[in-house]
1. Suppose we filter the stretch A:340-364 for residues that are within 26 Å of the chain's Cα centre (by Cα), over 15 Å from A:Ala322 (Cβ atoms) and either among the polar types (S, T, N, Q) or open to solvent by 20 Å² or more (accessible area, probe 1.4 Å) (or both); how many remain?
2. Looking only at the stretch A:149-195, which residues are assigned to a loop (DSSP other than H, G, I, E, B) and aliphatic (A, V, I, L, M)?
3. With the condition being at pLDDT below 95 and either aromatic (Phe, Trp, Tyr) or touching an Asp or Glu at 6+ places or on another chain (Cβ under 9 Å) (or both), I'd like the strands (runs of 3 or more DSSP E) fully within the stretch A:367-479 carrying at least 2 qualifying residues.
4. Among (1) away from every other protein chain (no Cβ under 14 Å); (2) small (Gly, Ala, Ser); (3) not in a loop (DSSP other than H, G, I, E, B), there is one condition A:Gly340 misses while meeting the rest; what is its number?
5. State the number of residues belonging to the stretch B:6-18 that are at the interface with chain A (Cβ under 7 Å from one of its Cβ atoms) and either open to solvent by 90 Å² or more (accessible area, probe 1.4 Å) or in a helix (DSSP H, G or I) (or both).
6. Checking the condition in contact (Cβ under 8 Å) with a residue 12 or more places away in the chain, more than 19 Å from A:Ala162 (Cβ to Cβ) and surrounded by fewer than 18 Cβ atoms within 10 Å (Cβ to Cβ), which residue from A:Glu27, A:Glu7 passes?
7. Within the stretch A:303-315, is there a residue that is surrounded by 19 or more Cβ atoms within 10 Å (Cβ to Cβ), more than 13 Å from chain B (Cβ to nearest Cβ) and either in a helix (DSSP H, G or I) or of a type in the set (Val, Ile, Thr) (or both)?
8. Given the criterion open to solvent by 20 Å² or more (accessible area, probe 1.4 Å) and in contact (Cβ under 8 Å) with a residue 60 or more places away in the chain, identify the matching residue among A:Asn408, A:Asn425, A:Asn415.
Amino acid sequence: MKVLDLEGLTITTIASLIRKKQISPLELTRRYLDRIKELNPVLNAYLAITEEGAVAAARRAEREISKGKYRGPLHGIPFSIKDNIATKGVTTTAGSKILSDWVPDIDATVVERLKEAGAVILGKTNMHEWAKGSNSINPFYGTSRNPWDKTRIPGGSSGGAAVAVAASLCLAALGTDSAGSVRNPASLCGTVGLKPTYGRVSCFGGVEGTGGYTVNHFGILTKTVEDCALVLRQIAGHDPKDPLSSDEPVPDYTKRSRIPVKGMKVGIIKGYFDECLTGDVRRAFQDALRVLRSLGMKIQDITIPHMDLVPALHAGSSRPEANSDLDQYLRTRPRDFSPGLLYSLIAGLLIPAPVYVTAQRVRRLLCQEFDAAFESVQGIVAPTLFSAAPTIEDCQRGYIEADGKRINLQDRAGNFLTRYTIPFNVTGLPTISICCGFSSSSLPIGMQISAPPFQEGTLFRMAHAYERAAGWYKRKPPL
Amino acid sequence: MKDAVKRLNDEYRFNLSEQEIDLVAKQAEQAALLFQPLFEVDVTGITPLEKIDKRLKNKPTFKRGKK
C-alpha cells in the first residue's frame, strides 16, 4: 500500500490506484476522518461527521473492488455534502436553528447517485444560515474559517464545503448555488467550483427555502477541473423527481476537457465586472488573460445591454421564491431566524407580484442577449469576486478597505460579495470558478468562465487548459 | 412602507419593535427603488423565463398581436 499525502491527492490520481488495489478505500477514509478530527475544531467545516456510515461504505467499496466489481472513478472516494442537501438518516439543518433536529427519510438524488457510484460520504458541511448569505458566519453553528487565513471568511453559502476541499478534509464536495454559493467560496478558498446549467443536475432533496426555484443549482467543489468533470458526469442527468431537470444527454466531460483550446474565443463584459474591483484581483485577472492568450485563445469585448439590471432581476426572482418557501416558519417561528435574515425576509414579503413576473420577462431578454453574445465567442470570462477573502471582522462591520478605498459589502442592490456571480444564476448558464492567482496577502483569487447552456464540456476544456498552464492548483494552504 | 410593515407585523405576529419596523421599512423602500428600472424595459411580447432548455432555445417567443 502507498503512503497517503492527503494534501496532494485528487480524484483523478487516486481513482486509478484504488482500481489497481494499491490504495485501500477503508484506509483512505480513515485518514480523512483522522484529519477531520484534527482540523475541524479549528476550521468548523463539518457540522456532522458520519463516521459509522463512511467506514461502512468504504468497507463495502473495498470488498467489491477486491472481488473485481469496480464501479468507476468515484468508487471509494470520500465526499462531503452541504447541510441543505437531504441525507437519509443524517441531520440536515440548512444552517438554521429551525431545522436543527430534522432528519430526512430520503437522500437527495445527487446523494443517491454518489452512493450508486460507490462514493463515501464523510459528513455534512457548515453553511450560511438558510444559504441566505455569503460569509458563512453562522450564529447557530459558528463560522467556518478560511484555511489560507483563519481570521478570514471562506465565503458562502457553501463555506464549509470549500474549506473541506481546500483543507483536504474530503476529495470533493457538493454544494448549492443560487447567487454564487459554490463559486464564491471556491474563489475565496482557492478551489474549483462549478455551477452547472440550470436543470443539468437534479435539485430534488434540496431543503426548501435555501435557494428558490429559478436561480438555484446544485454544484460541485473539487481541487481540479478534471475531478469536477468526473463528478458532474455522475450526478448530471434527468430526474423524474425534479420536473425542472433536463433530459439533455450527459457526455463524457473528461475526454472533452483534454482537447486543446487554440483558436477558441472568449468574451469580456465591460463595465459590470469593473465596479470596485481591487488592485489584487485586477492584476490576477489581467495575468490570467495573458495565460489564455498564450494558449492561443482570442479575447474580445462583448456587450450585454441589460447587464445593469442583473441585481434587480436576481432579487426580484429569488426573494419572493424564498419567501414562499419560508412562509410557514415566518408565521410560526419568526424569532428562530437570526435578526438580520428575519428583517430581510419580512422586507421580501413586500415585493409585489408584478415585480416577480416582470423580472422573469426581463430575464428572458437578458438570456437572449447572452445567446447573441455566444454567437461570436465560446466562453465569457470574469473575476469571481471583486476582492480576495475579507476578514470576519470586515464582514461584521460591513465593509472592507482596499487600495485606500472603503467598499461596502452590502448596498442598495444587495450583497456585493455575490455581485459578480449572480449574472450566471439569472441566466442559468454553466459557470466554473478556478483559482487565477494570489493576492499580496497570499489569498486565493478566482476567475469565472461561463459557456452556453449545456456546454459544460467547453467550460472544462478552457478551465483545464488554464489550470494546467497557470499551475495555481498546486499551492496548498498553510495548515 | 412603514404602514405595510406594521400590517405584516400584526398578521404574522412578529412582535417587531418600532426600531425594527423602521429598519424593515427602510430595506423595503430600497428594494422598491432597485426594482423600478425593471418597469422601464419594453417587455411587450416577451414571455416569462421558466426553464432553460437547448431544445427551446431557438424557438421564437410569442409575439402579442401577431399571428
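The values are calculated or read from the model by the stated rules, or taken from the named source; none is laboratory data. Because the structure is a prediction, the values reported are computed rather than measured. Because the Cβ atoms are built from the backbone with ideal geometry, glycine has one as well, and the counts that use them run over all protein chains shown. We work out accessible area using only protein heavy atoms, side chains counted, and drop any ligands, DNA or RNA first. Shrake-Rupley method; radii C 1.70, N 1.55, O 1.52, S 1.80 Å.
1. The number of residues fulfilling the criteria is 2.
2. A:Ile153, A:Ala167, A:Leu169, A:Leu171, A:Ala179, A:Val182
3. Fully inside the stretch A:367-479 and qualifying: A:399-402.
4. (1)
5. The qualifying residues number 2.
6. A:Glu27
7. Yes: the stretch A:303-315 contains one or more residues that are surrounded by 19 or more Cβ atoms within 10 Å (Cβ to Cβ), more than 13 Å from chain B (Cβ to nearest Cβ) and either in a helix (DSSP H, G or I) or of a type in the set (Val, Ile, Thr) (or both).
8. Residue meeting the stated conditions: A:Asn415.
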